[in-house]
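Structure record follows, encoded as structure tokens.
The values are calculated or read from the model by the stated rules, or taken from the named source; none is laboratory data. Predicted, not measured: the structure shown is a model, and the values here were computed from it. Backbone-built Cβ (ideal geometry, glycine too); neighbour counts: all protein chains shown. To get the accessible areas, we keep the full protein, side chains included, count just its heavy atoms, and leave off ligands, DNA and RNA. Shrake-Rupley method; radii C 1.70, N 1.55, O 1.52, S 1.80 Å.
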Amino acid sequence: MRRRQRRIRGCGRRAAQLAPVFGALLVPGLAVAQVAPTQPPVPVAAPAPSAPPPPQPTVETVQVRGVAPYTPRGLGDIRVDRETLTASPRQQTSEMLSAAPGFFVDHEDGEGLGNDVYLRGFDLDNGSGIEMKVGDVPINIPMHIHGQGYADVNFIIPEVVRSIRVLEGAYDPRQGDAAIVGSALFDLGVPERGYQFKATYGSFGQARIVGIAAPKEASDETFAAFALRETQGFGEDRASKSASVNAQYGVDINDRDHLRLLATAYAADAALPGVVRQDDVNAGRIGYYDAYPYLTSYFPENCSSPSCAKPAQGVQASRVIVAGDLDHAADTGAFFEIAPWFMWTNFLSRQNYTGNLNSSNLQPSLQSLGDLWQLTNIETAAGVTARFRAAPVRVGGFAEIMTESGVSLRVGSTAQSKDLVNPADFDPWDYRENYGLRTLDLAGYVDVDARLWKKLHVAGGVRADFLDVSIDNNLAGIVPPIPAGALQGSTTSVAGIAPGPRGTLAYDLAPGLSPVVSAGEGFRSLDAGSLTLCNAPTIRLTGVPASEEAPCKPGSPVSTVTSFEAGFRSVAGAGRFTTTLAAFQTNVANELVFEVASGGLETENASTRRGIVGSFLGRPTNWLLVSSALSVQTATFNTLVAGTSHYVPNVPAMVWRVDANAHGELFRLGDVPVTGRVGVGYTLIGGKHVNDNIIAPPNNVLNGLASVRYLFVEVGFDMHNVLGLKYADDEEYYVSNWSLQPGQGRASPMVHIVAAPPRTSLGTLTLYL
């Protein structure tokens with residue numbers, strides 16, 4: 001048997017027949033496949049290169065040839081398998097994370113902009129705050145102009161995602177930068193070998209074409225795929241298009257060595273509608289899915305090019321990744337892996353949040369031309385990860401100890417800017433930020449996994465990241481007025497160490513029942529503006545003490561997070577039913593809050609999250625899957641003004657998800673089976689604070705799918721927002737002077753919304769060749 005197709009063998013105890021009463025009461029929405037000891041977590045199981053082998057729901061065993069078993073790192077350490085990922089409709093790869101307990105990912109109809117992720121009291125704007133990897137390649141961009149740790153995973157084609165390992169909390173020493181609330185590790189592969197062609201068409205002119213080549217003689221991890229998507233959008237200024245290519249090749253060099261190569265390319269271009277004021281919608285002055293015409297679009301009279309008619313607000317993004325992974329398994333059980341990678345990303349967005357309130361900081365004589373922010377971020381980055389896992393050591397008859405050590409390196413060069421631009425020609429009329437960055441993250445970790453007296457499991461270790469950032473502030477020292485192109489500046493260098501102890505303690509109280517306690521410390525890189533201010537002691541803000549003028553200490557390039565959780569995991573019915581319950585608290589040293597005056601995320605003081613998350617996964621029969629998760633939480637933060645505390649905006653007090661999927665043979669035509677599947681996904685989000693005094697109305701979202709397959713032809717139908725409800729993807733409260741006519745708006749505070757998609761129907765034809 002080829003080593004990459006080695007079979008995972010469970011050698012744990014027989015699961016207890018303890019009924020998961022709590023999970024049945026929750027009926028929660030854990031669309032996640034926590035793998036039972038009798039089930040491999042992935043059809044062709046090699047350990048995800050960016051993480052240890054797939055964890056089991058009990059802390060018992062996952063034994064892979066050449067790889068030692070692992071203790072799951074916390075109650076939220078699970079692998080979501082392909083069946084669960086596709087139990088209900090999900091258009092984008094980022095939405096697959098909604099299959100994990102406590103997760104919800106909003107649905108944006110466009111492309112090119114990372115989705116917001118809700119998890120354990122966090123509203124992770126554009127993925128900022130959750131570590132994401134494909135293989136061993138970090139997807140997050142640590143010091144992105146749109147938000148620290150910005151991540152957009154939609155360059156990954158959903159059809160080639162074999163599984164996702166999710167770690168909620170910072171409890172694994174392998175987790176690095178951006179793991180504020182956890183990690184998501186994408187494992188790529190195509191279990192159904194052959195060639196696939198898929199065509200989708202539906203509401204709002206949405207069209208998508210996917211092609212996959214997965215030669216039958218190759219392993220599951222070998223494939224080449226492309227995807228093209230275009231839509232006119234469900235309202236004004238929402239058209240988008242994208243193209244993506246993913247290719248992976250895996251080969252056994254010999255019985256002990258395996259090589260995997262990965263290459264991806266992605267480009268997207270989308271119009272954005274911007275916000276609309278709730279009072280304008282309520283009064284009927286503008287439609288729920290409309291966009292303000294003033295200062296949001298080119299005006300044809302300003303230029304003769306047809307391109308002048310397109311919306312001014314929009315986003316463009318592209319990404320290229322090339323990576324390799326070589327691993328070696330020894331007869332003794334030791335394991336070595338090295339994985340180099342290269343990544344190039346390009347990002348540009350234009351968005352207007354407030355209408356026309358800003359004036360020029362650098363050119364006072366220049367008349368205000370609207371609040372259209374233009375953000376650019378171009379980064380070239382490379383890195384490598386290496387790890388060595390020693391053979392298990394047995395001490396007497398009571399202990400088995402496994403150790404792993406690893407190092408990683410990430411270096412990057414970034415050019416980024418934030419300007420106010422003229423919507424007529426996109427020429428900057430006020431410069432706010434312009435940085436050149438050179439970043440280095442050199443990390444090392446040691447992990448110990450010990451099993452004592454067959455019941456007690458102690459796992460954890462320590463990680464330390466040395467971070468060095470050099471910042472060229474191209475606007476430093478500029479005195480208005482400035483001639484075009486006359487940027488100059490100064491250089492700031494910041495370096496520091498971010499230590500991170502992490503650990504998990506679990507005990508097999510009864511067969512199939514394990515209480516678990518975890519604790520750890522993670523970090524997130526701070527933005528260039530904060531680091532420049534923190535390390536320029538000669539700059540003082542009027543009336544603000546030096547100790548409060550910046551959200552960090554000189555010499556500290558990161559914001560730290562401390563996380564705790566305690567609860568239990570129950571497995572019953574020979575692994576067919578899994579229930580978890582966890583109480584958690586997360587303390588963040590510096591909170592990120594959206595601030596319209598600066599056109600993006602701003603760093604505030606410390607924040608605290610507390611809550612409970614429960615999950616249930618049931619496979620009562622071979623043809624039925626039911627999963628659910630319910631999380632209840634609070635999130636507050638302290639501002640830079642001493643003595644004031646607020647609710648973190650946009651964090652829901654409750655997230656409840658339910659997924660159900662039935663699949664199997666319907667009937668036979670001759671000797672050939674006709675198979676089908678139906679699935680539903682339901683999400684309830686409630687108690688979301690727009691500000692301290694305003695709570696957004698609850699959102700109820702129901703999605704459904706159905707498909708039938710005969711021989712090599714499959715016909716499917718998906719419907720999103722089946723109930724046809726109007727609800728907002730985003731709601732913010734602030735001052736603006738938006739108007740339907742130039743110059744008529746008066747500045748006033750109001751709730752501003754960005755609409756979520758209405759009912760959307762999609763039909764799909766798939767050919768398997």
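The table that follows gives values for the structure above.
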item: Filtered residue count, segment 297-320, keeping only those that are touching a Pro at 6+ places or on another chain (Cβ under 6 Å) and either modelled with pLDDT under 60 or not assigned by TED's automatic domain parsing to the domain that holds Glu111 (or both); result: 2
item: Thr385 vs. criteria within 35 Å of the chain's Cα centre (by Cα) and surrounded by fewer than 16 Cβ atoms within 10 Å (Cβ to Cβ); result: no
item: Qualifying residue in segment 174-183 (condition: out of contact with any His (no Cβ under 7 Å at 6 or more places or on another chain) and part of a strand (DSSP E or B)); result: yes
item: Exclusive hit being open to solvent by 20 Å² or more (accessible area, probe 1.4 Å) and either touching a helix residue (DSSP H, G or I) at 6+ places or on another chain (Cβ under 8 Å) or under 15 Å from Trp429 (Cβ atoms) (or both), set Leu369, Leu348; result: Leu369
item: Number of the condition not met by Phe426 [criteria: (1) under 28 Å from the mean Cα position of the chain (by Cα); (2) among the aromatic types (Phe, Trp, Tyr); (3) not in a strand (DSSP E or B)]; result: (1)
item: Hey, Gly575 at positive phi, modelled with pLDDT of 70 or more and assigned to a loop (DSSP other than H, G, I, E, B) or not; result: yes
item: Conditions (1) part of a loop (DSSP other than H, G, I, E, B); (2) open to solvent by 30 Å² or more (accessible area, probe 1.4 Å); (3) touching a Lys or Arg at 6+ places or on another chain (Cβ under 6 Å): number failed by Asn605; result: (3)
item: Residue in segment 676-698 that is out of contact with any helix residue (DSSP H, G or I) (no Cβ under 7 Å at 6 or more places or on another chain), closer than 23 Å to Gln91 by Cβ, open to solvent by 50 Å² or more (accessible area, probe 1.4 Å) and of a type in the set (A, V, I, L, M, F, W, C) present; result: yes
item: Failed criterion for Pro652 (all others in (1) out of contact with any Lys or Arg (no Cβ under 6 Å at 6 or more places or on another chain); (2) under 30 Å from Thr354 (Cα atoms) hold); result: (1)
item: Residue match in segment 214-231 (condition: among the charged types (D, E, K, R) and under 30 Å from Gly76 (Cα atoms)); result: yes
item: Spans of strands (runs of 3 or more DSSP E) in segment 188-260 with at least 1 residues under 19 Å from Thr86 (Cα atoms) and free of Cβ contacts under 8 Å to residues at least 40 places away in the same chain; result: 206-214
item: Residue count for segment 478-517, restricted to those that are at pLDDT below 80, on the phi < 0 side of the Ramachandran plot and open to solvent by less than 80 Å² (accessible area, probe 1.4 Å); result: 6
item: Verdict on Gly520 being modelled with pLDDT of 90 or more, assigned to a strand (DSSP E or B) and open to solvent by less than 70 Å² (accessible area, probe 1.4 Å); result: yes
item: Filter result for Pro620 (open to solvent by 40 Å² or more (accessible area, probe 1.4 Å), touching a strand residue (DSSP E or B) at 6+ places or on another chain (Cβ under 9 Å) and in the same structural domain as Gly522 (by TED's automatic domain parsing)); result: yes
item: Of all residues in segment 421-440 being in contact with a Gly (Cβ under 8 Å, 6 or more places away or on another chain) and farther than 12 Å from Met143 by Cα, the one that is least open to solvent (accessible area, probe 1.4 Å); result: Pro423
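Per-residue answers, yes or no, for (1) out of contact with any strand residue (DSSP E or B) (no Cβ under 7 Å at 6 or more places or on another chain); (2) touching a residue at least 40 places away in the same chain (Cβ under 8 Å); (3) under 28 Å from Pro101 (Cβ atoms):
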site	(1), (2), (3)
Thr608	no, no, yes
Gly614	no, yes, yes
Leu624	no, no, yes
Ala635	no, yes, yes
Ala653	no, no, yes
Glu665	no, no, no
Gly670	yes, no, no
